[in-house]
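Reading through the structure tokens given below for one structure.
Read-outs: derived from the displayed coordinates by stated rules, not from any lab. Since the structure is predicted, the reported quantities are computational estimates derived from the model, not experimental observations. Because the Cβ atoms are built from the backbone with ideal geometry, glycine has one as well, and the counts that use them run over all protein chains shown.
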Amino acid sequence: MYAHTIELAMPIDQAIEKLKAALAEAKMGVVSEVDVQAIMKTKIDHDIPPYRLLGVCAPGIAKAVIEADRDAGALLPCGCCVYETSPGNTRIALQDPGSIAKLADNAAIGAAMQTTQGHLAGVIAKLKA
């Protein structure tokens, strides 16, 4: 498994705001946001439903990863995609930190990803509430 997913019965912008609030409670946040729908339209004149890529990170986790292996910064921030499955229904997929731990094969990074896993479990629980 490479992602934790959840479906929310709300439009994408509302789902992203709910996600950001849940992340903030877990001392995490969105450090980047890409509107894939707009890029597809602008670059190749292709229409897709709303689709966003979010870079999710926590400064303390990023610090631990970078100090363990500076090249592992290429694995940060944790990826997240948010897209409408139908009007008013949104799916969120958050990258599984376990997949980063496996790729890095570094004990310190594994420990940081285990901490991240706990944070994301709380985020997902908050989104389900």
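Does Asn89 qualify as being closer than 15 Å to Lys18 by Cα, of a type in the set (S, T, N, Q) and surrounded by fewer than 20 Cβ atoms within 10 Å (Cβ to Cβ)? Talk me through it step by step, then tell me what you get.
On the way: closer than 15 Å to Lys18 by Cα: yes; of a type in the set (S, T, N, Q): yes; surrounded by fewer than 20 Cβ atoms within 10 Å (Cβ to Cβ): yes.
So Asn89 fits the description; yes.
Residues checked against (1) within 23 Å of Met1 (Cα to Cα); (2) surrounded by 15 or more Cβ atoms within 10 Å (Cβ to Cβ); (3) within 17 Å of the chain's Cα centre (by Cα); (4) not acidic (Asp, Glu):
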position	(1), (2), (3), (4)
Lys43	no, no, no, yes
Leu54	yes, yes, yes, yes
Val65	yes, yes, yes, yes
Arg70	no, no, no, yes
Cys80	yes, yes, yes, yes
Gly98	yes, yes, yes, yes
Asp105	yes, no, no, no
Ala108	yes, no, no, yes
Lys128	yes, no, yes, yes
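Looking only at strands (runs of 3 or more DSSP E) that lie completely in segment 11-129, which have at least 2 residues being in contact (Cβ under 8 Å) with a residue 60 or more places away in the chain?
Values: elements: 29-35, 51-57, 78-86, 89-95.
Because the criterion is at least 2 residues that are in contact (Cβ under 8 Å) with a residue 60 or more places away in the chain, the strands (runs of 3 or more DSSP E) in segment 11-129 that meet it are 78-86, 89-95.
Considering only residues that are over 19 Å from Leu76 (Cα atoms), surrounded by 15 or more Cβ atoms within 10 Å (Cβ to Cβ) and not hydrophobic (A, V, I, L, M, F, W, C), which ones fall in segment 12-39?
Within segment 12-39, Lys18, Gln37 meet the criteria.
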